[in-house]
Amino acid sequence: MIRYSLCLALALAFSTPSFSQQASLSIKNKSDRQLTVKVMQGPEKKAVVVETVKVAPKGTQTVYFSTTGTYFTKSQGIFINKKDSTMNDTIYSKERPFQVISDKRRGFSNITMEYKVKETKKPEPGGPIPISRKEYDN
């Protein structure tokens, strides 16, 4: 059986105050799956959902931050096969925490995350952590 993993590429760029003066996270879905991403703030056990965004296959969504802090994402990637519904599947993952700076003096983080689905039989070192639907929902 082939397992799928959701691969994440995270690029951080800290900038000086810009025209928008707001920290942001751009989520680029490079897969053929409908992606739902929960942006979480705080330590894992006490994290709260800041925002939930849906990203169409090959689409991009942007989340804006007004608070400096530690964040992470939980994602759900749904593949819908219109020709054969038995081929439909859903994968879940949790990404490693990242720091966001949203401060007029220190600057504003501009972060880009790229989601790709790669067929693999073993997890990628430093990659996303596979999670269950129950953990995604909590």
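Can you give me the distance in nm between label points at Lys46 and Ser24, each placed 7 Å from the Cα along the Cα-to-Cβ direction?
Going from the Lys46 label point to the Ser24 one covers 3.2 nm.
In debye, nearest 20: dipole of region 19-87 around its Cα centre with unit charges on the Cβ of K, R (+) and D, E (-)?
160 debye
Can you flag which of Lys38/Lys104; Lys45/Lys94; Lys30/Lys54; Lys54/Lys118; Lys45/Lys116 are past 22 Å Cα-Cα?
Lys38/Lys104; Lys45/Lys116
By how many nm would the segment from Asn88 to Thr62 grow when fully extended, if each residue of separation counts as 0.36 nm and the alpha-carbon distance is taken off?
Length difference between fully extended and current span is 6.7 nm.
Taken together, the values in this text are just the output of simple stated rules run on the coordinates, not laboratory data. All figures in this text were calculated on a predicted structure; none of them were measured in a lab. Cβ sites come from the backbone with ideal geometry, for glycine too, and all protein chains shown count toward neighbours.
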